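The values are calculated or read from the model by the stated rules, or taken from the named source; none is laboratory data. What you see is a predicted model; the values in this text were computed from it and never measured. Positions of Cβ are generated from backbone atoms using ideal geometry, with glycine treated the same way; all protein chains shown enter the neighbour counts. Just so you know, the surface numbers come from the protein's heavy atoms only, side chains and all, with ligands and any DNA or RNA stripped out. Shrake-Rupley method; radii C 1.70, N 1.55, O 1.52, S 1.80 Å.
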Amino acid sequence: MKTWIKIVLGIVVIGIIAIFLIYKFVYNKEHPDYENIEASISLTTTELYQAFKSNKDDASARYNGQVIALTGNLSKIEAVDSLVIAVFVFEQGIFGDEGIRCTMLQKFNDVAGKLQPDGEVKVKGYCAGYNDTDVILEKCSIINQ
Amino acid sequence: MRITIIFFIIALLSTISADAQKFITKTGYIKFYSDAPLEKIEAHNRQVNSALDFTTGGFVFKVLMKSFEFEKALMQEHFNENYVDSDKFPSATFVGTVTNIKDVNLSQDGIYDINVDGKLTMHGVTREIHEKGTFEVKQEKLLGKAKFNLVVADYKITIPGNVGNNISNTVEVTVEITLEKANL
């Protein structure tokens with residue numbers, strides 16, 4: 001086989017491999033594994049809620065988009081369609097209960113559904129922000145109960 | 001942004017009056033759908049706050065942009081970082097009125113056409129919108145549905161030329177909410 005043909009074939013093979021890798025690891029990369037990702041911040045539910053209530057902009061800059069481990073006394077569990085939400089209530093407002101709402105990963109729906117109110121739980125999730133009534137955590141898992 | 005938040009809070013507070021019939025949800029659903037030549041993209045958000053004052057028709061929405069979920073992680077990253085800049089503009093807000101709320105009969109189950117006028121704020125831009133939808137009265141709940149289109153450029157969201165065939169300049173927005181009477 002002539003040298004130039006080998007070079008062209010080599011370039012083509014490398015190109016195909018590069019396209020495959022870009023497709024798999026960039027374009028089609030997996031969502032973060034929120035259950036196993038390590039929390040970048042640990043604090044109590046009271047600390048997180050008060051941070052947003054006292055200075056929303058500062059708290060948003062610090063916590064939005066972060067994976068947070070939270071410890072606090074559970075107020076209730078809400079189940080809406082396929083969502084199970086652990087709710088930590090701190091006050092009453094225009095939307096009724098206001099506090100922290102942690103939407104569970106589907107894998108944790110059953111175990112979260114059996115949690116008892118008033119017990120201390122530790123959850124971990126992705127902080128989506130504060131909507132002027134609640135701090136929203138998504139993709140939550142239960143660390144212990 | 002601060003003005004928007006204050007406006008939102010005032011709008012919510014204004015829905016509370018002694019004889020107000022207030023309906024709320026914290027788990028409303030909004031979907032974005034983009035149909036471009038090379039790709040169809042959907043994003044789902046199931047954490048939408050909404051309140052309706054049935055007495056006046058006052059109607060508000062608030063949605064956190066980081067709560068939108070995409071099939072592909074890369075799309076979600078681009079949405080938050082490159083398009084809606086969710087660190088700087090973390091939420092979208094609608095404040096408006098169901099102008100024909102008097103046509104909805106709470107004591108008669110059924111589907112009622114509604115007209116909604118108001119201001120949608122997203123990506124730091126506020127624009128008037130006028131859309132149609134339905135309220136279904138069912139067992140003392142209001143199931144609201146609407147579907148409409150938004151031109152992304154209207155909200156100063158720029159689609160780079162190199163992904164012009166992947167993302168549509170107009171996105172279809174689907175809203176589905178189940179409002180329950182508030183016990184406040």
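Put simply, what bits of region B:26-67 lose 10 Å² or more of accessible area when the other protein chains are there, versus the chain on its own (1.4 Å probe)?
Residues losing area: B:Lys26, B:Thr27, B:Glu39, B:Arg46, B:Gln47, B:Asn49, B:Lys62, B:Leu64, B:Lys66, B:Ser67.
At 7 Å along Cα-to-Cβ for each site, give me the label-to-label distance between A:Val80 and A:Gln50 in nm.
2.8 nm
Using θ = phi - 60° and the Karplus form 6.51 cos²θ - 1.76 cosθ + 1.60, what ³J(HN,Hα) does each residue of region A:21-33 get, whole Hz, x for Gly and Pro?
5, 5, 4, 6, 9, 10, 5, 10, 5, 6, 5, x, 8
Between region B:118-184 and region A:56-103, how many Å separate their Cα centres?
Each part reduced to its Cα centre gives a spacing of 24 Å.
Once you list every other residue whose beta carbon is under 9 Å from the beta carbon of B:Lys145, what net charge do they have if Lys and Arg are +1 and Asp and Glu are -1? Write down the numbers at each step before the final one.
On the way: positive: B:Lys147; negative: B:Glu136, B:Glu176.
Charge balance near B:Lys145 sits at -1.
Find the accessible area per residue for the protein assembly as shown; the probe is 1.4 Å, ligands and nucleic acids are left out, and the unit is Å². Intermediate values should be presented prior to the final figure.
Numbers: 16990 Å² over 329 residues.
Ligands and nucleic acids excluded, the figure is 52 Å² per residue.
Chains A and B: buried accessible surface, both sides, probe 1.4 Å, rounded to 100 Å²?
Working: alone 9300 and 10440 Å², together 16990 Å².
For chain A against chain B, roughly 2700 Å² becomes buried.
List the residues, sorted by chain then number, that are 5 or more residues from B:Glu69 or on another chain and whose placed amide H is less than 5 Å from its amide H.
HN-HN under 5 Å from B:Glu69: B:His44, B:Asn45.
Might you report the magnitude of the Cβ-based charge dipole of chain B about its Cα centre, with Lys and Arg at +1 and Asp and Glu at -1, to the nearest 20 debye? Before the final figure, lay out the partial values.
Working: 20 positive and 23 negative charges, 72 e Å.
Approximately 340 debye in magnitude.
Give me the net charge for the shell around B:Lys156: Cβ to Cβ below 15 angstrom, other residues only, Lys and Arg +1, Asp and Glu -1.
Values: positive: B:Lys88, B:Arg127; negative: B:Asp85, B:Asp154.
Result for the neighbourhood of B:Lys156: 0.
Which of the peptides A:14-21, A:91-98, B:91-98, A:50-57 is most tightly packed, and how do the rest follow, going by the mean number of other Cβ atoms within 10 Å of each residue? All intermediate terms of the calculation are to be shown ahead of the outcome.
Numbers: A:14-21: 10.1, A:91-98: 16.5, B:91-98: 21.9, A:50-57: 14.9.
The most tightly packed comes first, giving B:91-98, A:91-98, A:50-57, A:14-21.
So for chain A, averaging the separation of alpha carbon pairs under 8 Å that are six or more residues apart and normalising by length, what relative contact order in percent results? Intermediate values should be presented prior to the final figure.
Values: 250 pairs, mean separation 32.8, N = 145.
It rounds to 23 percent for chain A.
Would you mind checking the pairs B:Lys26/B:Lys138; B:Lys22/B:Lys119; A:Lys53/A:Lys122; B:Lys22/B:Lys132; B:Lys66/B:Lys141; A:Lys53/A:Lys76 and listing those with alpha carbons more than 23 angstrom apart?
Details: B:Lys26/B:Lys138 18 Å; B:Lys22/B:Lys119 20 Å; A:Lys53/A:Lys122 21 Å; B:Lys22/B:Lys132 21 Å; B:Lys66/B:Lys141 28 Å; A:Lys53/A:Lys76 21 Å.
Result: B:Lys66/B:Lys141 exceed 23 Å.
Do any cysteines of chain A lack a neighbour Cys whose Cβ is under 4.7 Å away, and which are they?
Lacking a cysteine Cβ partner under 4.7 Å: A:Cys127.
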